Amino acid sequence: MDAKKYFISYTGRDKAWATWIAGVLEERDQTVLIKEWDMRPGDNFITKMDEFLQKFDVFIAVLSEAYLKSPYCIEEWTNAFGIATKEKDKKRAIIPVRVTDVKPDGLLYGLVYIDLCDIHNEKKAEQELLSGIGLEEVSREKPSFPLNPPANLQALLPGNLPQNNLPERNPYFSGRDYELNEIHKQFKSCVTAKQIITGLGGVGKTEIAKEYAHRSINDYKDAIWQVHAETEMTAFNDCLQFADTFGLIPEGMDEARKLNPKQLGRRLKKWFKEHNSWLFIFDNAEQRKDIEPYILGIPTGHILITTRNNDLMPGKSIEIEPFTSRDAVQFIRTRLDRHQDLIDNDLAALTERLNYLPLPLEQAAAYMKRTRETCSAYLALLNKDGAIKALESSLGRPANYPRPVVEALALSFDKLSESAKQLLSLFAYMSPNGIPLDFFERQREKLPSPLSEDLGDAYKQDEIIAELLKYSLVKRDGNVFYIHRLVQEIRREQIKTHGTDWLYVCMEAAIGEIPTLDDYGRLESRKQFEQIAPHAAAIARYAEKAYIGNTDKEEKTALLYHQLGIGSDKLAQYGQALTWYKKALAICEKVLGKEHPGTATTYNNIAFVYGN
């Protein structure tokens with residue numbers, strides 16, 4: 001058949017349909033005249049439309065409600081109708097292509113149209129289009145039995161959204177441009193891909209995956225499906241719902257529930273192999289075995305997995321960090337929508353207090369919005385009662401998150417071995433930055449079992465560290481570790497009622513770690529003090545508040561402050577030395593009395609600092 005010129009007339013709302021039709025025709029070596037591709041900046045719209053009308057052999061009207069109401073489109077098709085009627089020798093044709101359930105009237109009423117609005121398969125739609133305009137013969141073979149598609153199946157064609165079960169888009173989502181661009185870039189670079197989003201509980205993995213799906217919803221023609229993958233059962237149920245939605249359960253749901261995951265997985269994989277434009281999100285996956293039946297050996301599509309478990313499975317992984325300070329402040333502003341009430345300094349202090357973690361910030365915003373509390377007043381609550389009490393309040397329970405941050409982090413804690421739990425409990429009382437593993441190795445005889453034994457075995461020690469890294473509870477840089485302050489706070493609250501006094505264990509170890517008075521002539525001892533000092537200071541501050549009224553432990557606290565004073569004095573940090581000695585003195589005067597030799601020693605040391 002000789003090539004023809006096709007003028008495609010459409011309204012802007014149906015651009016996706018129009019360009020799809022144009023693409024199908026150009027793949028068959030036909031000439032297409034279409035505004036989207038053939039009109040350039042500076043062209044005169046009226047002149048260009050007149051040019052198209054003079055050249056066309058076939059005028060295709062993309063019929064929809066919007067098209068029939070558009071004055072420009074009405075002018076295009078009425079002019080085309082007049083030209084086609086006058087110039088019968090040129091055999092010009094007008095072919096409406098119906099893309100929504102609209103009933104044309106007037107002059108268009110008598111024209112036979114190509115109907116695409118009720119077709120659910122792109123190949124079938126393409127066949128209907130080509131046979132309708134005469135580029136392919138109409139098949140006269142007996143078709144397969146016309147099974148009705150499921151009633152809830154949406155049309156998966158240009159201009160329509162793919163079938164999906166996505167929750168409502170988060171209107172307060174902000175930041176994360178790098179992470180979203182990285183996901184898009186990695187998926188674009190290969191035909192089939194699995195990507196894993198990892199990170200600490202509450203860092204925003206689910207929201208990033210959901211936002212990616214919403215932003216990319218027009219990139220997936222076949223389906224977008226979110227699977228709650230916390231357990232084998234939740235993963236099975238959501239995959240079963242997908243199978244039912246796409247007509248893969250001919251026996252009915254009651255019988256299908258008797259399938260095992262491998263059997264259901266085979267049905268999904270058959271569908272996956274027949275389609276190549278879909279996205280599956282396995283959200284909050286805990287164990288590899290729970291999702292393996294549905295994701296292994298798939299040649300098409302995209303799979304996005306969110307998990308706290310960095311070791312879930314091999315594949316491209318993106319580790320999500322907390323917000324930047326700027327993004328955290330912007331999130332709170334957007335979430336509260338009360339710009340005039342929010343003071344920059346209060347916002348900065350609040351976001352820092354919550355360690356820039358998205359979920360605690362969402363909970364804080366929910367609390368303030370429901371109570372109309374000011375930012376400074378909420379921050380005062382956090383500092384007075386601790387973050388745990390505020391974050392566990394029902395007033396701060398977010399509607400669009402599966403669980404609050406305290407619960408999310410507690411789940412990660414529960415998965416650790418006993419030794420890893422013990423080490424995390426010790427980390428909870430240290431300064432959050434630069435925690436040296438050597439400190440625990442050198443002081444392991446003061447630590448409880450089994451941690452004390454495991455730290456003496458290089459392989460078991462690595463296993464403990466790997467567990468903490470696995471759930472993003474700590475970060476590692478060489479032989480030092482970093483931990484989120486909120487993780488520390490939640491862990492401290494969690495172990496308050498446990499049998500072991502972890503704070504006292506830390507204090508005993510710190511006292512044993514700080515060099516003695518005569519050791520500071522050695523460079524190694526001075527470096528050791530500099531490394532342990534911020535952690536010993538953190539332990540002493542916790543102990544000062546925790547042990548009020550406990551004479552023995554208060555004396556230990558004074559001793560730790562005393563040692564910090566000696567080390568600071570020896571390193572010529574005289575102002576800091578005075579601070580530590582004065583704290584030791586206050587405790588000694590209260591517990592031992594002003595006449596006690598220990599108190600007198602502290603007076604003497606303060607005098608030496610002034611002398612130095």
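Using the structure shown, decide if Glu493 is on the phi < 0 side of the Ramachandran plot, surrounded by 15 or more Cβ atoms within 10 Å (Cβ to Cβ) and either under 24 Å from the mean Cα position of the chain (by Cα) or not in a loop (DSSP other than H, G, I, E, B) (or both). Talk me through it step by step, then tell me what you get.
Numbers: on the phi < 0 side of the Ramachandran plot: yes; surrounded by 15 or more Cβ atoms within 10 Å (Cβ to Cβ): yes; either under 24 Å from the mean Cα position of the chain (by Cα) or not in a loop (DSSP other than H, G, I, E, B) (or both): yes.
Taking the combined requirement at face value, the residue satisfies it.
Looking only at region 98-108, residues that are farther than 16 Å from Ala80 by Cβ and either free of Cβ contacts under 8 Å to residues at least 12 places away in the same chain or aromatic (Phe, Trp, Tyr) (or both) come to 2 in all.
Screening the candidates Ala572, Ala607 for the property of being over 27 Å from Phe427 (Cα atoms), open to solvent by 30 Å² or more (accessible area, probe 1.4 Å) and under 48 Å from the mean Cα position of the chain (by Cα) yields one hit, Ala572. Here Gln443 fits the description: closer than 25 Å to Glu493 by Cβ and either among the hydroxyl-bearing types (Ser, Thr, Tyr) or open to solvent by less than 50 Å² (accessible area, probe 1.4 Å) (or both).
So is Leu473 open to solvent by less than 60 Å² (accessible area, probe 1.4 Å), under 29 Å from the mean Cα position of the chain (by Cα) and at pLDDT below 90 or not?
Numbers: open to solvent by less than 60 Å² (accessible area, probe 1.4 Å): yes; under 29 Å from the mean Cα position of the chain (by Cα): yes; at pLDDT below 90: yes.
When the stated conditions are applied, Leu473 passes them.
Within the set Lys262, Lys210, the sole residue that is surrounded by fewer than 19 Cβ atoms within 10 Å (Cβ to Cβ), part of a helix (DSSP H, G or I) and at pLDDT 90 or above turns out to be Lys262.
Taking only region 502-556 into account, find how many residues are of a type in the set (Asp, Glu) and free of Cβ contacts under 8 Å to residues at least 24 places away in the same chain. Explain how you work it out, then say what you get.
Taking region 502-556 as the starting set, the residues that turn out to be of a type in the set (Asp, Glu) are 508, 513, 518-519, 524, 530, 544, 552, 554-555.
This time we only want the ones that are free of Cβ contacts under 8 Å to residues at least 24 places away in the same chain, so: 518-519, 524, 552.
The number of residues fulfilling the criteria is 4.
Among the residues here, Asp283 does not qualify as out of contact with any strand residue (DSSP E or B) (no Cβ under 6 Å at 6 or more places or on another chain) and among the acidic types (Asp, Glu).
The lone criterion from (1) buried (at least 21 other Cβ atoms within 10 Å of the Cβ); (2) touching a residue at least 40 places away in the same chain (Cβ under 8 Å); (3) more than 15 Å from Thr234 (Cβ to Cβ) left unmet by Leu268 is number (2). For Ser139, the criteria (1) at pLDDT 85 or above; (2) more than 47 Å from the chain's Cα centre (by Cα); (3) not hydrophobic (A, V, I, L, M, F, W, C) hold in every case but one, which is (1).
I'm trying to understand the selection: among the residues of region 286-317, which are open to solvent by less than 20 Å² (accessible area, probe 1.4 Å) and within 13 Å of the chain's Cα centre (by Cα)? Once the filter is applied, which keeps residues that are open to solvent by less than 20 Å² (accessible area, probe 1.4 Å) and within 13 Å of the chain's Cα centre (by Cα), region 286-317 yields Leu304, Ile305, Thr306, Thr307, Arg308.
Is there a residue in region 318-340 that is farther than 25 Å from Arg169 by Cα, open to solvent by 10 Å² or more (accessible area, probe 1.4 Å), of a type outside the set (Ser, Thr, Tyr) and touching a helix residue (DSSP H, G or I) at 6+ places or on another chain (Cβ under 7 Å)? Don't jump to the end; show me each part of the working.
Of the residues in region 318-340, the ones farther than 25 Å from Arg169 by Cα are 340.
Going one step further and asking which of them are open to solvent by 10 Å² or more (accessible area, probe 1.4 Å), we end up with 340.
After this cut, where a residue has to be of a type outside the set (Ser, Thr, Tyr) as well, the list is 340.
Going one step further and asking which of them are touching a helix residue (DSSP H, G or I) at 6+ places or on another chain (Cβ under 7 Å), we end up with none.
Checked region 318-340: no residue is farther than 25 Å from Arg169 by Cα, open to solvent by 10 Å² or more (accessible area, probe 1.4 Å), of a type outside the set (Ser, Thr, Tyr) and touching a helix residue (DSSP H, G or I) at 6+ places or on another chain (Cβ under 7 Å).
The values are calculated or read from the model by the stated rules, or taken from the named source; none is laboratory data. As the structure is a prediction and not an experimental result, all values here were calculated from the model. A quick note on method: Cβ atoms are made from the backbone with ideal geometry, for glycine too, and the neighbour counts reach across all protein chains shown. With ligands, DNA and RNA removed, areas are computed over all heavy atoms of the protein, side chains included. Shrake-Rupley method; radii C 1.70, N 1.55, O 1.52, S 1.80 Å.
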